[in-house]
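Working notes for the structure below.
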Amino acid sequence: MNVDASIPQAPFAALPNRPVTNQTEQTSARPVDRPHHTEAPNNKQENPQNTRQADNRDDSKQPRAETRTVRQESELSQDEKRELEQLKNRDREVRAHEAAHKNVAGNLARGNAQFTFDTGPDGQRYAVGGEVSIDTSKVSGDPQATITKAQTVRRAANAPAQPSSQDHAVAAKASQLEAEARRELAEQAAADGQRERSGGFDSNPTQPARVGELLDVIA
């Protein structure tokens, strides 16, 4: 989980990742890079040689294409087909894992799930890891709301069929947050009860309190 400085967040990670090609992106479409072209100033003729050199410099800045091209499954060897089947299963598992987190977290989830992809022998990319960021901050001044929130976070962390070690860590943090909120709620209830018992002293400070009440307040 990525932790924001203003709103604590915790990521729900999938099972430990396989070695990947370090290609992490969100489920939304990736922007397309456009090549930059150098235009000649007005009223001046371009030198063809300079133009070729500029084009070469521009070409050198362009990202290189994927080394693997899309291939039909019939073109794959038996080993490649087995690898592809494993990647497809992993992709389904990861997406279902993160969907379970997000569905239970509801509005506590921050944005879409993020996935890490690996390129299969068919040239297609498959999700091999992922995470969902979730708000785990306490509700300021409202311990009861914090308790409810912590319970939702814990359910979301444990929602997948096989929670990861990171998921267990988030669930433990939610349990700790709930325990702290319950202590705060109990302290508030005790303070409210004490004020009620000494109501004559608090409600009308101009009247002298009986000695017994004053001792109780000091104690």
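Observations on the structure shown:
- Net +/- balance of residues flanking Lys81 in space, Cβ distance below 13 Å, scoring K and R +1, D and E -1: -4
- Taking Thr69, Thr152 and counting other C-beta atoms within 10 Å, the order from fewest to most: Thr69, Thr152
- FRET efficiency for Arg195 and Gln144, using Cβ-Cβ distance with R0 set to 22 Å, rounded to 0.05: 0.70
- Coarse-grained scattering of region 74-169 at q = 0.13, 0.20 Å⁻¹, given as base-10 log I(q)/I(0) from a Debye sum over alpha-carbon atoms: -0.54, -0.93
- If R0 is taken as 35 Å, the Cβ-Cβ distance between Ala172 and Arg71 corresponds to a FRET efficiency of 0.20.
- Fully extended contour minus Cα-Cα distance, from Glu180 to Glu83, at 0.36 nm per residue: 30.2 nm
- Computed from phi, the 3J(HN,Hα) profile of region 182-195 under the Karplus parametrisation 6.51, -1.76, 1.60 (θ = phi - 60°) reads 5, 5, 4, 5, 5, 5, 5, 5, 5, 5, 5, x, 5, 5 Hz, with x in place of Gly and Pro.
Since every read-out is calculated from the coordinates, none of them should be taken as a lab result. Predicted model, so just to flag it, every value in this text is computed and none were measured. With ideal geometry, Cβ positions are generated from the backbone for all residues, glycine too; neighbour counts draw on all protein chains shown.
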